[in-house]
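Working notes, beginning with the structure itself.
The values are calculated or read from the model by the stated rules, or taken from the named source; none is laboratory data. Owing to the predicted nature of the structure, the values given are computational and were not obtained by experimental measurement. Here Cβ is always computed from backbone atoms with ideal geometry, including for glycine, and neighbour counts include all displayed protein chains. Only protein heavy atoms, including side chains, enter the accessible area calculation; ligands, DNA and RNA are left aside. Shrake-Rupley method; radii C 1.70, N 1.55, O 1.52, S 1.80 Å.
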Amino acid sequence: SVNEKTLALYRSKYPKIKDKLGFLPTWVDPDVFFPAEADKNVIRAGLRTVYPELPVSAKWVLFVGRLQEQKAPLRLIETFGAFHRDEPSSVFILIAEGNLKAAAQNRAKELSLESSVFFLGNKNQQELAQYYRASDVLLLTSNFEGMPRCVLEALGSGLPVVTMRVGEVALVMTNPGCGLIVDSFEPADLALALKQVTANVTEHTHAERLKAVSGFHPRTVLAPLYEKMRSLHNTPCRS
């Protein structure tokens, strides 16, 4: 399980096999997701060769994930709408696909955000890493989560996060440089957190975010799993 609460639930429900159940965090590959050495505007200029509508000098809010009910895409759009009222030059970039994409696009139109919201579809990991490095904040407004990989990828790329208190985000976001966890489902409250994080982003360093994810690299997370697999492989079968 990638969620401690789920693990506790199953261990209580199936006590006879509780020792066979365990918590396995998600992880981030530091060889792919790492902070940029180049200036952010240089990265943005490169991305504009594909999407020339993206402004270089603006605040970029990023979402990475599925446009499905779990991720609450309408709340995403409404949160950005509330933020956009105070930051009218800001843009919202969604690296995402899903069955609620049309509904999210319609909500953006209803809020007159068509020119500020960009649905860019899915990207490979190298492309995705560039969007993390080019953005100012990752926004996550999910109804529920396990341990969202996008939070690890964002922090590993030096990007702060605004998220609700879902799943295991608190296990990862362990210092002020990581961003803010919001105890509310209200778009206005989430938008306020976006404003606070984007206003104070220079007060914190990449080092704080990298420290937060340092325990979630593949070698650290997967080593115990592989060792368990080896142990099982080398255990004689009982007839």
Inset, instruction - Might you check whether a residue that is among the hydroxyl-bearing types (Ser, Thr, Tyr), within 22 Å of residue 49 (Cβ to Cβ) and in contact with a strand residue (DSSP E or B) (Cβ under 8 Å, 6 or more places away or on another chain) occurs anywhere in region 87-101? - result: yes
Inset, instruction - Mind telling me which of the residues 174, 205 ends up being open to solvent by 70 Å² or more (accessible area, probe 1.4 Å), among the polar types (S, T, N, Q), within 24 Å of residue 3 (Cα to Cα) and within 19 Å of the chain's Cα centre (by Cα)? - result: 174
Inset, instruction - Could you tell me whether residue 179 is on the phi > 0 side of the Ramachandran plot and at pLDDT 95 or above? - result: yes
Inset, instruction - Confirm whether residue 151 is crowded, with 19+ Cβ neighbours inside 10 Å, more than 30 Å from residue 221 (Cβ to Cβ) and of a type outside the set (S, T, N, Q). - result: no
Legend entry - Odd one out for residue 30, checked against (1) closer than 21 Å to residue 209 by Cα; (2) touching an Asp or Glu at 6+ places or on another chain (Cβ under 9 Å): (2)
Legend entry - Odd one out for residue 233, checked against (1) of a type outside the set (Phe, Trp, Tyr); (2) assigned to a loop (DSSP other than H, G, I, E, B); (3) over 28 Å from residue 117 (Cα atoms): (2)
Inset, instruction - Identify the single condition in (1) more than 30 Å from residue 208 (Cβ to Cβ); (2) over 19 Å from the mean Cα position of the chain (by Cα); (3) of a type in the set (A, V, I, L, M) that residue 82 does not satisfy, given that it satisfies every other one. - result: (1)
Legend entry - Residues that are within 22 Å of residue 213 (Cα to Cα) and within 21 Å of the chain's Cα centre (by Cα), drawn from region 38-68: 40, 61, 62, 63, 64, 65
Inset, instruction - Name the one entry in 180, 159 that is crowded, with 23+ Cβ neighbours inside 10 Å and either free of Cβ contacts under 8 Å to residues at least 40 places away in the same chain or assigned to a loop (DSSP other than H, G, I, E, B) (or both). - result: 159
Inset, instruction - Kindly indicate which of 197, 213 is within 22 Å of residue 37 (Cβ to Cβ) and modelled with pLDDT of 95 or more. - result: 213
Legend entry - residue 137 being without any contact (Cβ under 8 Å) to a residue 40 or more places away in the chain, more than 21 Å from residue 25 (Cα to Cα) and in contact with a Lys or Arg (Cβ under 9 Å, 6 or more places away or on another chain): no
Inset, instruction - Just give me the residues in region 1-22 being hydroxyl-bearing (Ser, Thr, Tyr), surrounded by 12 or more Cβ atoms within 10 Å (Cβ to Cβ) and in a loop (DSSP other than H, G, I, E, B), in sequence order. - result: 1
